[in-house]
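The structure appears right after this line, and notes come after that.
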Amino acid sequence: MALTSKHKTIIIAAIVVVVVALVVIGAFKGRTQETAPSQTFTSPSGDTEAVQAADGRDLKVIKTYTRRDCALAPWLVTDKLGFFAEEGVRLVFTGEIQPPQRVPSILSGDNDTADLHPNALAVAIAGGAPLKGVVRAGIEPDESMDPGFRHMWWFINPEKYPNVKSFADLKDIPGTLKFSLIATSSCSDFLANRILDKYGIPRDKVEWVTMPDVQAIQALKQGHTDVGGVHPPFYKGMLDAGQLKIADTLEANLDQEVAGLGFYFFTDEFIANNPEAVQGFARAITKGQKWINDNPEQARIWTEEAIGIPVSANHYYSQELVIKDDQVIPWVADLEDQGVIPKGKLKIADIVVHDFVNS
């Protein structure tokens, strides 16, 4: 099904922002405060000895923007446990920036790395951004695991829609439905669209309303949206607000791991100039992610203390140095099917490199 004109306009605008990002490279400079993740937040149980002990070593600084949501977990844990320092890397946070500024900040060199889902990364690359994914971030857990680790849940307000008990019931509601959306061409629309397709609900029945997860709870409760899709740690907030879960990413009809797939990425130039640092980063963050999967409660506590809001769960993460090309294909194919990027414009090799994994 073709995108609406409004949706296409949003996509085109996003691509243009990436292409012209270098004209605004000064906007971020002069206001950054570079600190290690474990030193950025006041954490009662924090232990920064591993980072401080490595301060005198010849470590390669890798910069990224500050996070104050559940996406903080792998950066914080990997730093707190000294895995970055062990691999010759000193990760520093440079300050908070808004989502539209994040890819431009990588292109300008104000930051060196970030993480995105394959479709968002593909849109940026199709728009001319010289970026590559180097190692996997989040993945969808096996269906036997606690559903709290699934990448997204969707909710409705049962007071507004008392007859809706499942996602499939949405087809019986007349007219357009407003879905909360973090960003266009992200997990929010890709995964929700997959579930719409599964239940035979036309994609053009949805009007996307962009907002962060933290606002999605209030928006749904107050009737500004009809369906709220959120990530952990906001599942608990939705349930506490009396909202009804109607689906999660298990229903997206994707192979294991695909629904939560993300990549850490760098510019082509940074990769070419700093291959050892990128390799060290890949090894370190993967060790941190394995630790989170093995110690979810402690990772949850550290993240909750750092961001200052209740965290009911973290995401589930890749714990092996491997990139599986077939996992990227559904994300790119959906962009092609919707006319966001031309069919065949991108190969998987344009999106990810295997130099730092599979070895």
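Each value in this text was obtained by applying a stated rule to the coordinates, not by laboratory testing. If you're wondering where the values come from, they're calculated on a predicted model, not measured in any experiment. When we count neighbours, we look across all protein chains shown, and the Cβ atoms used for this are built from the backbone with ideal geometry, even at glycine.
Observations on the model:
- 19 Å Cα-Cα reach of K345 towards aspartates and glutamates, excluding residues that sit fewer than 8 places from it in its own chain: D268, D325, D326, D334, E336, D337
- Residue with peak Gaussian network fluctuation, the chain [Cα springs, cutoff 10 Å], from Q98, Q243, Q327: Q98
- Set the Cα radius of gyration of the chain against 2.2 N^0.38 Å, with N its number of residues, and you get 0.97.
- Build a GNM of the chain with springs between Cα atoms under 10 Å apart, and of H224, H315, H117 the one that fluctuates most is H224.
- Largest GNM mean-square fluctuation across G133, G148, G175, computed for the chain with C-alpha springs under 10 Å, falls on G175.
- Shape category assigned to the stretch 147-252 from the gyration tensor of Cα positions, a/c cut at 1.5: rounded
- In this simple spin-label model, placing a label point 7 Å from the Cα along the Cα-to-Cβ direction at both D355 and D255 gives a separation of 2.6 nm.
- Taking 7 Å steps out from each Cα toward its Cβ at E269 and K290 produces label points 3.5 nm apart.
- 23 Å Cα-Cα threshold exceeded, pairs from K290/K347; K132/K236; K198/K221; K60/K347; K160/K245; K290/K324: K290/K347; K132/K236; K198/K221; K60/K347
- Förster radius 41 Å - calculated FRET efficiency between K160 and V61 (Cβ-Cβ, nearest 0.05): 0.25
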